[in-house]
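Remarks on the structure that follows.
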Amino acid sequence: SNEQEGSILNIDYLINNKKPVKTVIKRLKKKVIVLESDGSKKEIVNSIKDLLECDNQEYNNAIVKASIFASGLIPMNHEYDLKEVLNKTGGFKISSKVDSIPIGSGLGTSRIVIASIIMAIYKSLNIGIGKSIGKDIYRL
């Protein structure tokens, strides 16, 4: 990672022959959003207000919640009805896991996790994304 003010360069790399960040989105029959991430307990999101608890990393699943807003999937407006979004997308579960990278390492892990979640949202929920520049490589 090469950090500069306001930006970071993330390079795809393997640690012990595994990708260090894994994000999985699973479609659900029930129209809910379920969140799971390292260091946080499983959480069922019932409202936009629940998702707004993302401005402090001490909150449960804060990075996953912030990623949902960053993706543009849900407007960051507590007046908006989550049911409207779920009627379009259906229910889904987001699971995110970081492996072999220590917190606070300076490797930009949080940014990599956010990018991973945003890309998983775009691909799994068929939201238009940037231009494909190769097999499984997208420019956002």
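For Asp38 and Asn126, the FRET efficiency from 1/(1 + (r/R0)^6), where r spans their Cβ atoms and R0 equals 22 Å, is about 0.25. The modelled label-to-label distance for the pair Lys49/Asp99, using points 7 Å beyond Cα in the direction of Cβ, is 3.9 nm. Of all lysines in the structure, the ones whose alpha carbon falls short of 26 Å from that of Lys49, not counting any fewer than 8 places away in one chain, are Lys26, Lys29, Lys30, Lys31, Lys41, Lys65, Lys83, Lys88, Lys93, Lys97, Lys123. Measuring r between the beta carbons of Lys88 and Leu14 and using R0 = 35 Å, the FRET efficiency lands at 0.45. The stretch between Phe69 and Arg27 holds 13.3 nm of extra length on full extension. This uses 0.36 nm per residue minus the Cα-Cα distance.
Taken together, the values in this text are just the output of simple stated rules run on the coordinates, not laboratory data. Predicted model, so just to flag it, every value in this text is computed and none were measured. Positions of Cβ are backbone-derived with ideal geometry, glycine not excepted, and every protein chain shown enters the neighbour counts.
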